[in-house]
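The values are calculated or read from the model by the stated rules, or taken from the named source; none is laboratory data. All values reported here derive from a predicted model rather than from experimental measurement. Using ideal geometry, Cβ is built from the backbone for each residue, glycine included, and neighbour counts are taken over all protein chains shown.
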Amino acid sequence: MKSCDPAGAAARPLVSLGAGLFALLAVLSFAAAPALADGDAEAGRKVFSQCIACHRAEEGKNLIGPSLFGVHGRPAASVEGFSYSPALKNSKLTWDDASLDKYLENPTAVIRGGRMAFPGVKDPKARADVIAYLKTLHK
């Protein structure tokens, strides 16, 4: 007598295919992540020219925006003597590759109520480059 298995063997390949597809997507997402870290700091210095109306790369030189010296790895709204928006102060962000990438793409979407009047850098390669440049700004 045969057993009645409505899902049976026919469903197993679909489950296996779904698991395999999930594994492939997971590997691809991890493989894509380092691309952000692979920016070109020299190209990023050129992209940074968009920022110099408000920011400086030198330590302690604040303009309309704070100095970006040492920004990578520091908590948001932490430059001594700079007056930050309450929204940025309350953001609890730390500026790492991922948070800088999201913020630089669209600052007002990340910090609603922030003061940065900049439309963002839409090109992912240009963002990776400027992040690579920002990472060079330290003692």
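Data table
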quantity	calculated
Any hit, the range 11-25, residues being out of contact with any Phe, Trp or Tyr (no Cβ under 6 Å at 6 or more places or on another chain), modelled with pLDDT under 95, under 27 Å from Leu134 (Cα atoms) and in a helix (DSSP H, G or I)	no
Any hit, the range 48-67, residues being in contact (Cβ under 8 Å) with a residue 12 or more places away in the chain and in contact with a strand residue (DSSP E or B) (Cβ under 9 Å, 6 or more places away or on another chain)	no
Residue within the range 101-122 that is in a loop (DSSP other than H, G, I, E, B), of a type in the set (A, V, I, L, M), closer than 19 Å to Asn62 by Cα and touching a Ser or Thr at 6+ places or on another chain (Cβ under 8 Å) present	yes
Complete set of residues in the range 99-118 that are modelled with pLDDT of 95 or more, closer than 20 Å to Phe48 by Cα and either exposed (fewer than 13 other Cβ atoms within 10 Å of the Cβ) or of a type in the set (Val, Ile, Thr) (or both)	Thr108, Val110
Sole residue being under 26 Å from Asp38 (Cβ atoms) and polar (S, T, N, Q), chosen from Thr136, Thr108	Thr136
